[in-house]
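*Asks:* The following block contains the structure, expressed as structure tokens.
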Amino acid sequence: MQSSLRRHLTYWLLGPLLLLVAAGSLVSYRIALNAATKAYDSSLLDPVLAIASHLRHAGNSIELDLPSIAIEALRIDTEDRVFFQVLGPGRELIAGTPRLPAPPERLAPAEHIFYDAKLEGESVRVAAAAVKVETGIAIVQVAETLIKRDKLVLELLVASTVPQVLIAFAAVALLWLGIGLGLRPLDRLRDEIAARSPRDLRPVSERDKPQEVSSLIGALNQLLARLNAAIASQQRFISNAAHQLRTPLAGLKTHAELARREPSTSELRSLLDMIAGETQRTSHLVNQLLTLARAEPGETPSGQPVNFHEIVGRDVRDWVQRAVGKNIDLGFELEDAWTLGEPLLLRELAANLVDNALAYTQAGGSVTVRTGVRNGESILEVEDNGPGIPEAEREKVFERFYRLPATGGEGCGLGLSIVSEIAGRHNARVDLARPAGDRGTLIRAVFPRLAAQAAQPARPLSTRAVPTSR
Ligand SMILES: Nc1ncnc2c1ncn2[C@@H]1O[C@H](COP(=O)(O)OP(=O)(O)OP(=O)(O)O)[C@@H](O)[C@H]1O
Ligand SMILES: [Mg+2]
């Protein structure tokens with residue numbers, strides 16, 4: 001079972017509280033017993049004195065000069081049974097029950113004591129008094145059972161203990177609530193952390209948090225800072241490595257190209273062709289890695305108003321050239337679609353989507369690039385009527401270095417990872433679907449829309465670059 005602060009503190013408080021209540025009850029019991037004993041003892045003495053005042057001399061001995069009806073009246077008690085005993089100077093029984101024990105100590109004349117005793121196995125309280133008679137000292141004892149005393153003790157005990165127990169439970173209940181209230185800032189902290197995107201590595205604010213959790217927040221922030229530094233250093237490493245690789249690769253490519261033009265044997269030419277192709281692929285890989293490194297979580301995007309209409313517009317010429325080269329009908333349906341983001345990264349995103357469409361659509365196919373606002377969101381959409389991506393593969397193609405098994409061509413499997421990284425960084429989502437014609441791929445990036453900009457709107461564009469060869 002998971003440890004709970006609330007449970008822990010409650011047990012911790014409940015134990016000592018119960019001990020305290022028990023100790024308090026013990027003290028209360030002693031006080032109640034004392035009070036009950038005092039109160040009833042004094043009334044137990046009354047019949048003793050009444051009997052003592054009716055002792056008479058009869059020759060050598062003494063007798064109790066009370067009619068039995070008066071004796072009965074003295075013994076009447078609603079709850080307890082009352083016994084009496086009169087002993088003569090020689091301790092002989094003059095009247096009453098013989099079963100009462102003798103007083104525990106010698107009594108001087110006119111002295112009285114109270115003591116506890118057993119009568120036929122029952123506890124009794126006894127009042128004994130010594131009465132001076134001519135022939136010596138007589139003893140008068142009256143005993144009563146403890147029923148009403150016990151009752152009074154119980155009442156007093158309950159009256160003092162019940163409030164203590166109630167207070168103890170109230171304290172525990174308050175503690176329970178108090179812990180809940182006290183831990184509420186932790187709930188806030190949890191919500192704050194849970195609501196974060198994995199890219200957001202900013203330190204957690206200590207504002208509105210109790211002092212007690214500030215060390216926890218401090219440790220968390222240190223961890224975040226270290227993580228941030230680690231990611232930054234990894235990104236620097238990749239981007240440095242990519243930069244370092246770029247120059248020699250460019251050189252290699254150029255030299256391979258130059259060498260191909262030299263007259264030479266056909267084997268040498270085909271080897272050089274291979275070198276040129278491999279160099280081409282390697283520099284593409286390096287470029288994709290570099291873009292991926294830039295798109296990965298790092299410091300939060302600076303974010304400026306960006307219009308996809310313009311972003312797409314910048315690369316139209318290159319794409320049209322490629323489309324014409326591959327005999328693909330490339331069309332554009334561009335409307336303003338503003339969002340907040342980094343233009344360079346968004347351009348990479350668009351380039352990768354169009355690149356895939358042009359790369360995987362067969363010659364004679366068609367590709368359409370759309371931008372605009374749908375359902376209050378800015379979208380960038382690329383549709384083609386190529387081979388399509390099977391439903392089962394739609395998640396996998398976003399994994400790094402994953403390519404569909406049947407795919408040929410030059411790719412390295414990073415394009416859609418780059419797309420999803422960049423989208424994630426801009427709080428956008430990427431949907432993959434089958435277009436209406438039930439053939440090909442429709443991939444749509446949906447961005448939070450930035451309300452109509454002060455910047456001048458770009459002119460809507462709807463064209464098709466029809467390949468000349470058709
Ligand atoms: N428009 C498309 N039509 C058909 N298949 C596609 C399309 N776009 C992507 N794919 C499939 O998804 C795979 C992953 O695409 P991704 O862009 O991530 O990698 P790549 O194109 O192979 O390499 P890179 O883009 O890094 O050069 C591709 O290899 C291809 O199999
Ligand atoms: Mg690609």
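*Asks:* Applying the selection to the stretch 299-324, what residues are of a type in the set (G, A, S) and at pLDDT 95 or above?
*Replies:* Within the stretch 299-324, A323 is the sole residue that qualifies.
*Asks:* Step by step: first the residues of the stretch 363-379, then only those that are of a type outside the set (G, A, S) and more than 16 Å from ligand 2 (Cβ to nearest atom), then the one that is nearest to the chain's Cα centre (by Cα). Which residue is that?
*Replies:* E377
*Asks:* Going by the conditions given, is A110 touching a residue at least 12 places away in the same chain (Cβ under 8 Å) and of a type in the set (G, A, S)?
*Replies:* yes
*Asks:* Related question: Restricting the search to the stretch 390-422, which residues are of a type in the set (A, V, I, L, M, F, W, C), near ligand 1 (Cβ under 9 Å from one of its atoms) and over 22 Å from T291 (Cα atoms)?
*Replies:* Across the stretch 390-422, the qualifying residue is only A406.
*Asks:* Would you confirm, using the coordinates I've provided, whether Q362 is among the polar types (S, T, N, Q), surrounded by fewer than 17 Cβ atoms within 10 Å (Cβ to Cβ) and at pLDDT 90 or above?
*Replies:* yes
*Asks:* With among the small types (G, A, S), surrounded by 12 or more Cβ atoms within 10 Å (Cβ to Cβ) and on the phi < 0 side of the Ramachandran plot as the only criterion, which of A173, A168, A159 stands out?
*Replies:* Just one listed residue meets the conditions, A168.
*Asks:* Considering each of R149, R125 in turn, give the residue that is buried (at least 18 other Cβ atoms within 10 Å of the Cβ), touching a residue at least 40 places away in the same chain (Cβ under 8 Å) and in a helix (DSSP H, G or I).
*Replies:* Testing whether each residue is buried (at least 18 other Cβ atoms within 10 Å of the Cβ), touching a residue at least 40 places away in the same chain (Cβ under 8 Å) and in a helix (DSSP H, G or I) leaves just R149.
*Asks:* Among the residues of the stretch 243-262, are any touching a residue at least 12 places away in the same chain (Cβ under 8 Å), among the hydrophobic types (A, V, I, L, M, F, W, C) and surrounded by fewer than 15 Cβ atoms within 10 Å (Cβ to Cβ)?
*Replies:* yes
*Asks:* So the check is Cβ under 6 Å with 6+ separation or different chains; which pairs have a first residue in the stretch 47-61 that's in contact (Cβ under 8 Å) with a residue 40 or more places away in the chain and a second one that's in a helix (DSSP H, G or I) and not charged (D, E, K, R)?
*Replies:* Filtered contacts from the stretch 47-61: P47/L74.
The values are calculated or read from the model by the stated rules, or taken from the named source; none is laboratory data. Computed from a prediction, not measured in an experiment: that's the story for all the values here. Heads up, the Cβs are rebuilt from the backbone with ideal geometry, glycines too, and the neighbour counts pull from every protein chain shown.
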